[in-house]
Amino acid sequence: MGVGNSAVAETNPVIAAAKVCNIGSCSAEATLTVDGAGREILTVSDNHADDSSAVAVYWVEGRTGPPTYVWAHGNGTKTRHQIEPDVPAGKYVKFRACIGEYGARQVLWDTCGETQQPAGVAARHDAPVLTPESGTTAQAAADKVKVMSWNLGAGANFQEIDGWADTIAAHRPDVVGVQEACKTDIDGVEKRLRDKHGLDYQLEYGMVESKPGPCGFPTTDFGQAMLSLRPMTDVKMVRYQVQNPDEKRGYMYGTINVDGGLVRVFNTHLEEPSKPEKTAQAKELAEATMSMPRALVLGDLNAQPEDGRETTYLPPDQQTHLVPLFNAGFRDIDRNCNRNRNPGCLQTRDNSPSKYDYIFMRLLTETARPAVPDTTFSDHRPVIGTVELSPGWEDAAACNYNSCVAKVTFKHDGEHLLVEDTNANGLSAVGVYWVQGKGRQHTVVWNSHGHDSPKNPVDENLTIAEGQWIMYRSCSGHGGAKIVFWDTCGNVHFAFA
């Protein structure tokens with residue numbers, strides 16, 4: 001993996017360029033150029049005086065293995081890196097700008113900006129002249145998925161088939177998860193999308209009960225549904241094991257292909273905030289998502305962002321009901337709402353300072369801020385976001401957030417998981433992992449020996465069949481009490497044995 005090559009001369013003129021910044025600012029900036037000598041140069045700039053470093057991550061079409069990382073460490077510094085060997089004509093370079101911890105060589109993936117795949121930069125024959133100042137860059141088609149989660153409000157007596165269809169068509173998401181939907185209504189939405197807007201969505205039902213009232217008479221099916229412009233396979237609906245007698249609840253899921261990787265999409269509507277069953281339902285949902293590493297959870301979770309805070313000394317069955325999803329490695333696509341309500345956290349209830357509706361993602365990265373457009377067609381606003389794969393999380397060492405005081409590495413040779421304590425801070429290093437086919441519960445590996453111990457790192461010898469996956473993450477915890485501090489955990493990583 002590259003760390004940069006600052007010796008590349010800057011005398012040759014730029015004949016093509018593409019530029020990208022990290023999300024929310026331009027404290028990290030990456031520019032890909034082809035100079036007059038025909039060399040592909042990636043320049044990384046650290047533009048902000050903070051404790052983090054700028055890092056560019058890039059992939060070259062046709063090359064196997066992990067991406068290459070180019071670091072710029074320190075405010076005002078630039079690193080110029082020549083991509084070697086030369087990129088063949090017609091092949092692309094994908095790259096993005098991120099923030100990271102230089103000492104630990106840890107990329108903070110949720111800071112990364114949109115992936116650039118400029119047409120004509122690598123394929124220099126007849127390439128157009130593009131400059132960073134032009135504000136326009138010819139883009140090759142990158143495989144990004146736009147998703148929408150929307151409670152249609154049938155339970156609040158909304159029946160706005162045309163309005164729902166027009167709203168979906170205006171944003172044209174690849175996948176839509178709707179809740180509080182009557183089967184007859186969603187059939188009408190699918191038909192209008194096809195006949196009026198020319199959008200041929202695959203419709204899948206996740207109806208949990210038949211009832212009159214919001215769906216009118218005669219009695220019809222009520223619950224969730226998904227609409228997908230991409231082929232969706234392995235579709236299934238599951239009723240929760242723990243139910244409130246007033247209304248049945250469940251979840252549905254289906255699988256889509258994103259850039260060659262499988263992503264499982266879940267859609268649900270958890271029990272009302274005042275009902276105790278919602279915690280058990282969230283735990284069951286979190287365990288169900290362990291059927292596939294990359295996953296999305298769409299839905300009305302009847303929760304506020306602060307419901308993701310973990311109370312350290314409460315047992316799991318007494319935690320607030322977003323905790324199981326966060327602990328399973330999910331992040332809110334709205335980064336201002338993760339485990340807390342920070343400034344800028346988008347509200348989804350009409351005329352109410354509340355957030356009930358979510359797009360949770362694991363091993364995926366948002367490419368821009370989500371949108372929560374106003375609507376008069378429901379008492380909930382839709383949540384809309386775009387995601388892409390995060391290949392940098394595959395086969396990489398996992399550090400916990402904002403530091404690397406705990407580090408977990410998966411070794412293919414013999415299937416070993418190494419849990420390393422890298423800092424004498426009084427806490428234990430913790431590795432948390434899931435193995436395909438070994439159940440949906442996580443396994444915890446403790447390293448309580450201390451930073452300077454000869455028993456550091458702890459080596460967990462695993463048995464994983466060839467081709468099966470492992471997901472793992474790094475956390476800190478209290479070794480004596482065997483309490484994992486889940487809010488210290490880093491991003492989930494995965495690998496195939």
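Key figures
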{"quantity": "Heavy atoms of MET252 accessible to a 1.4 Å probe, total area in Å² rounded to 10", "calculated": "0 Å²"}
{"quantity": "Order by protection proxy (mean Cβ within 10 Å, highest first), peptides 194-200, 418-424", "calculated": "418-424, 194-200"}
{"quantity": "22 Å Cα-Cα reach of LYS78 towards lysines, excluding residues that sit fewer than 8 places from it in its own chain", "calculated": "LYS19, LYS94"}
{"quantity": "Cα gyration tensor category, rounded, prolate or oblate, for the stretch 160-251 with a/c compared to 1.5", "calculated": "oblate"}
{"quantity": "10 Å beta-carbon shell around CYS404, net charge (K/R +1, D/E -1)", "calculated": "0"}
{"quantity": "Placed amide H near GLY206: partners under 5 Å, 5+ positions off or other chain", "calculated": "GLN224, ALA225, MET226"}
{"quantity": "Cβ crowding within 10 Å averaged over residues, with 453-465, 369-381 ranked highest first", "calculated": "369-381, 453-465"}
{"quantity": "For the stretch 341-387: rounded, prolate or oblate by the Cα gyration tensor [a/c cutoff 1.5]", "calculated": "prolate"}
{"quantity": "Long-range HN-HN contacts of SER27 with modeled amide H, under 5 Å", "calculated": "ASN22"}
{"quantity": "Exposure ranking of SER274, SER210, SER390 by accessible area [1.4 Å probe, largest first]", "calculated": "SER274, SER210, SER390"}
{"quantity": "Two-decimal Rg to Rh for the stretch 411-475 - Kirkwood Rh, Cα set", "calculated": "1.01"}
{"quantity": "For the stretch 144-199, size of Cβ-based charge dipole, Lys and Arg +1, Asp and Glu -1, in debye", "calculated": "280 debye"}
{"quantity": "Exceeding the 19 Å Cα-Cα cut-off - candidates LYS407/LYS455; LYS146/LYS196; LYS275/LYS355; LYS275/LYS482", "calculated": "LYS146/LYS196; LYS275/LYS482"}
{"quantity": "Protection proxy ranking of 237-250, 70-83 - average other beta-carbon atoms within 10 Å, highest first", "calculated": "70-83, 237-250"}
{"quantity": "Sum of side-chain charges, VAL235 neighbourhood, beta-carbon under 13 Å (Lys, Arg +1; Asp, Glu -1)", "calculated": "+1"}
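The values are calculated or read from the model by the stated rules, or taken from the named source; none is laboratory data. Because the structure is predicted, anything quoted here is derived from the model rather than measured. All Cβ positions, glycine included, derive from the backbone under ideal geometry; neighbour counts span all protein chains shown. Side chains included, ligands, DNA and RNA excluded: accessible areas come from the protein's heavy atoms. Shrake-Rupley method; radii C 1.70, N 1.55, O 1.52, S 1.80 Å.
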